[in-house]
1. Provide B:10, A:61, B:178 ordered by accessible surface of protein heavy atoms (probe 1.4 Å), highest first.
2. Across every pair of different alpha-carbon atoms, what Kirkwood hydrodynamic radius in Å does the range B:46-95 reach?
3. Under the convention of a label 7 Å out along Cα→Cβ, give the distances in nm from residue A:67 to the same position in every other copy, shortest first.
4. Using the C-alpha atoms of the range A:12-55, what convex hull volume per residue, in cubic angstrom, is computed?
5. Quick one: helix A:58-82 against the long Cα principal axis of chain A, what's the angle to the nearest 10°, folded into 0 to 90?
6. Among the GluC sites (Glu not before Pro) in the range A:52-154, which ones are in a DSSP loop with at most 13 other Cβ atoms within 10 Å of the Cβ? Mind listing them?
7. Please work out the Cα center distance from the range B:152-172 to the range A:99-142, rounded to the nearest Å.
8. Angle between the Cα long axis of helix A:12-30 and the longest principal axis of chain A, 0 to 90 degrees, nearest 10?
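The values are calculated or read from the model by the stated rules, or taken from the named source; none is laboratory data. The structure presented is a predicted model; accordingly, all values stated were derived computationally and were not measured. No Cβ is skipped: glycine too gets one built from the backbone with ideal geometry, and neighbour counts run over all protein chains shown. Accessible surface is based on the protein model in full, side chains and every heavy atom, while ligands, DNA and RNA are left aside. Shrake-Rupley method; radii C 1.70, N 1.55, O 1.52, S 1.80 Å.
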There are 2 protein chains.
Amino acid sequence: MAPRPRGGRLPRRARRAQLLESALEVFVANGYHATGMDDIADRAGVSKPVLYQHFPGKQELYLALLETSCDAIIASCRRALESTEDNKQRVAATMSAFYEYVGSESGAFRLVFESDLTNEPAVRAQIDRVTIDCAEMITDVIRDDTGLPTTAANLLAVSLVGMAQVSARFWTDDPGGLGRDEASALVAGLAWRGIAGYPKHD
Amino acid sequence: MAPRPRGGRLPRRARRAQLLESALEVFVANGYHATGMDDIADRAGVSKPVLYQHFPGKQELYLALLETSCDAIIASCRRALESTEDNKQRVAATMSAFYEYVGSESGAFRLVFESDLTNEPAVRAQIDRVTIDCAEMITDVIRDDTGLPTTAANLLAVSLVGMAQVSARFWTDDPGGLGRDEASALVAGLAWRGIAGYPKHD
DNA sequence: GGCCCATGGAGGTCAAGATCGGAATCCAGC
DNA sequence: GCTGGATTCCGATCTTGACCTCCATGGGCC
């Protein structure tokens, strides 16, 4: 957490990237409200005006990071679902995607699952997008495979996503001796047993 | 949301209750950071000093409400688990408890599941308590019934709680034509199919 | 050597939490 | 019925903290 040395000038693109990285670290550590623009500037080793030459305000900066993080998990979820045609493996792969996301070094998932700016509509929209988009992809699979009505399939899909989200976050806070793949496989087993029993469509 | 008339005096006890009620409404509607003490006072039809004669500060007021709401869902979960010895019905009853909680008129569940003060340790502790305590009760049931090691049973329990939390919140935002009992039963079915397949202990 | 512009420290502004002296209201007892 | 005291209540104010810009500066380029 030590601020970077206060030296050299950087080309605009590189400075922006560095600012984003620094901001992510501070936001993840302290949340939105508890972090000041001063903190981010200090962390990056620049002064505040520099920050404001790259981003119009604190909220826009936060939103840029949040959007990136949302895109990451949604894309990862999509890749997992498309990685195979076998539904049992699909469940395992998707669960693994969530565990990888939550276990990743940056902690960027905290912006999504533990945000403290949920009342801001723009933020809320991004966060909801994760659950809704992931669930929608899963809904299609469930509906095609079981023949359940869309509404029901959607609620089941949301349930699975919730299972993944909450259990992965809990595991990250307190692994309790379980490795990541072990935990992921355990919960994937629960999910698969739950979903596999529904009437097959053919 | 119209402020109450600004008239009469109330005995201390009654005023306190009214302030708690007003504060809950505003906090639920706007979240912690977006609500001012002015808003709460206006909503209750009193001036700010009165508020401070009953509560030492904004955070204490919030915590009082949060704690009450956490106690409610934990107690409700416990009652559901103790309501029967049949595990299938247990799952259904517990799921129903979550759906009732989230569907309740006051919206108090938002303080727990959608708080925007998660960085405050005291708040974090209360919120975590819900998942941890509920999961712990369920862990005992799972462990006794399946013989799984405690750590694994605990992660499964957390998964089930996550399923309930997230799906219930999603259903509240967009019921999509499903009644409460219908939705609850659907997700309970998913949970039960998932958990029932594990090796029976005898 | 001279120009240029990114940078930095210091400050303006404003919202919101927290507080003070005085006024209004209720109640008990004569 | 009336008075004295205590409790409740309010308008106005203070202060803090954080977001967001103004003037001096110093290294890079021709």
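1. The residues order as B:10, B:178, A:61, largest area first.
2. 13.3 Å
3. Here residue A:67 shows inter-copy label distances of 4.2 nm.
4. Spelled out: Cα convex hull of the range A:12-55, divided by residues, is 58 Å³.
5. 30 degrees
6. Values: sites: A:60, A:67, A:82, A:85, A:100, A:105, A:114, A:136; in loops: A:85, A:105, A:114.
Sparse-neighbourhood loop GluC sites (Glu not before Pro): A:85, A:105.
7. Result: 16 Å between the Cα centres.
8. So the inclination is approximately 70 degrees.
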